[in-house]
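Everything below concerns the one structure shown next.
The values are calculated or read from the model by the stated rules, or taken from the named source; none is laboratory data. This is a predicted model, so every value here is computed, not measured. Glycine gets a Cβ as well: all are built from the backbone with ideal geometry, and neighbour counts include every protein chain shown.
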Amino acid sequence: MADLSAVRAESLVKNFGDFRAVDEIDLHVRQGEIFGVLGPNGAGKTTTLRMLATLLPIDGGHAEIFGVDVRREPHRIRQLVGVTGQYASVDDDLTARENLWLFARLQGLTSARAKTIAGDLLERFGLQEAADRPLSQFSGGMRRRLDLASSLITRPPLIFLDEPTTGLDPRTRGQMWDTIRELVTDGSTILLTTQYLDEADQLADRVAVIDRGRKVAEDTPDALKTQVGDSSLQLSLADGSDTALAADVVRRLLGEEPVLTPESGRMNIPLPDPNRAADVLISLREAGLGISSVSVAKPTLDEVFLALTGHGADEPQIEAVR
Amino acid sequence: MTTTSTMSPTTLNPQRVDPSAVVARTTSHSSVQESWVQILAMAWRAVKKMRRKPEQFFDVLIQPLLFTAMFAFIFGGAISGSVSDYLPVLIPGILAQTALTVCMATGVQLREDMDKGVFDRFKSLPIARIAPLAGPMIADLIRYGIASVLTLVTGLVIGYRPGGGVLGCVGGVALTVIAGWSLAWIFTWLGTMARSAQSVQGISMMIMFPLTFLSNAFVPAETLPGWLEAFVKVNPVSHVVSAVRDLFNDGAVTAEVGWALIGCMVVVAVFAPLAVRSYSRKM
């Protein structure tokens, strides 16, 4: 495979009236990788994906998928991209098998071939038993699986997954992750959006962080996390007046600045390596400082966001949006 | 799109996807034959939905029975002197009205359908933009057929004896189906434009009532004031009604039949492209 990008989007813009939902976003997705677009609700993730999938007109900028211009050749793009939406785009009035058969027929497969593929996909996604039941009896996870199966009928080289696990229970979520990883081993490229840092962490090779229509960072999940510390140690001191002393101990030991929380005696300490939590606790005991509670927490999307947009003083225009 | 062996296997250990090969296979638009297959697939979907939601047939079943009998007995004496003299005038009129009601349902249902998640998938698939619009309209031919036959049968039961015989009746029903299908493009266009199913319903009513009542469907045009008569005479529904009367009552393929067909073609030529354009823009 030549060094052809799967997605190459430059300065994408989408306006809804006065509101700029997507503000000059660049995305470069390499072939064969899982690329995550991470951001809170309303950040412009879905809008970006919909523009790339020809579901929304592009207001500004340029986008190519495998070298094909998205704006000029939408019909070609639709043959290259499988889209799995946030809300399962399957037909509630048909059964699972009928859904797959219909989508296969629409894409030019013969009736017999469509039937075979529908059967294969139902088996692969564990939907065989429910295949001929109405979709109204399907659970959220089953609908998502059917939706994903529907996107794979022609085995498109690029697959868009818009928040594939939002609203799923942890077990179903894990199954979905396994399925997504499997797709990449087949040679497909995946562009997924998510609100969850751990999902991006689990799946994506590279992540773009989007906030209010702008890309604020793009890196590997590991690099992003180290910006906020891999995890953090949260402790409460037995005596609130020891805070300054304890902060001093931490600073000397880790070279990190503990974040003091408003409650007296509580602090969050960024940990580049979770193993060092023990060192902190030992040092505190050696210094004679008592602790009333302690926990280790992974960084949340909020923290990554704060870290990335916190130095947002140089981006005052963010306030101007909306 | 052609299906080659590299595109289709979905076993657990399939051949790897080769993007450059897929790019090379892409086409810039659906061919006529591909579009036709897609339209038929969408028609299949619509028929499935009809079978699962038989309440959709309510208008198609009730209106011909109720309106034919009601109008015949209420207006028969006043307009034509007797019920039996009114039936040859009325039945083609009711046919046109019923066909328009079915058209209206086409627009409303399309709008409802378009709000569903599955339309996102239809839009994201490499299919002709006309397929999701034209598919349900093909399925609707069944509804026009049922409605027309039922109206005619109700007429026969209350004493209508068409002079055109079996051939005339078949011709009249066929013309009604064609006209209904053609006029449905107006309502399909409305369906793609309007914000909600309710608004389609509202706008459609405002179009349907003038189109049927400001025509010669229920009263002879000559009894109307001159300015109204002028409108009635250019109303395509009038031509369809006159043509169906000629076919039913005389078994004659008159100039009116020609005008009705031309009118239908004009409606399709104008509104089908408008509907497809507005549908494609909505994305």
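Data overview
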| quantity | calculated |
| --- | --- |
| Verdict on A:Ala307 being assigned to a helix (DSSP H, G or I) and at pLDDT below 85 | yes |
| Residues (of a type in the set (S, T, N, Q), assigned to a helix (DSSP H, G or I) and in contact (Cβ under 8 Å) with a residue 12 or more places away in the chain) located in region B:174-198 | B:Thr176, B:Ser182, B:Thr188, B:Thr192 |
| Residues that are at the interface with chain B (Cβ under 7 Å from one of its Cβ atoms), in contact (Cβ under 8 Å) with a residue 40 or more places away in the chain and within 23 Å of the chain's Cα centre (by Cα), drawn from region A:63-80 | A:Phe66, A:Leu80 |
| Subset of region B:235-269 [in contact (Cβ under 8 Å) with a residue 60 or more places away in the chain and within 30 Å of B:Leu125 (Cα to Cα)] | B:Met265, B:Val267, B:Val268 |
| Filter result for the condition that a residue is touching a strand residue (DSSP E or B) at 6+ places or on another chain (Cβ under 9 Å), surrounded by fewer than 23 Cβ atoms within 10 Å (Cβ to Cβ) and either at pLDDT 95 or above or facing another protein chain (nearest Cβ under 8 Å) (or both), over A:Asp93, A:Asp132 | A:Asp93 |
| Residue satisfying all of: in region A:29-58; of a type outside the set (A, V, I, L, M) and assigned to a strand (DSSP E or B); nearest to the chain's Cα centre (by Cα) among these | A:Gly36 |
| Enumeration of residues in region A:104-121 that are in a helix (DSSP H, G or I) and more than 7 Å from chain B (Cβ to nearest Cβ) | A:Ala104, A:Ser111, A:Ala112, A:Ala114, A:Lys115, A:Thr116, A:Ala118, A:Gly119 |
| Residue in region A:13-28 that is part of a loop (DSSP other than H, G, I, E, B) and either without any contact (Cβ under 8 Å) to a residue 40 or more places away in the chain or surrounded by 23 or more Cβ atoms within 10 Å (Cβ to Cβ) (or both) present | yes |
| Total residues in region B:73-129, condition small (Gly, Ala, Ser), within 14 Å of chain A (Cβ to nearest Cβ) and outside any helix (DSSP H, G or I) | 2 |
| Tally, over region A:238-273, of residues that are of a type in the set (Gly, Ala, Ser), in contact with a strand residue (DSSP E or B) (Cβ under 9 Å, 6 or more places away or on another chain) and part of a loop (DSSP other than H, G, I, E, B) | 3 |
| In region A:5-15, residue nearest to A:Gly67 (Cα to Cα) [restricted to those that are more than 14 Å from every other protein chain (Cβ to nearest Cβ) and touching a Ser or Thr at 6+ places or on another chain (Cβ under 9 Å)] | A:Ala9 |
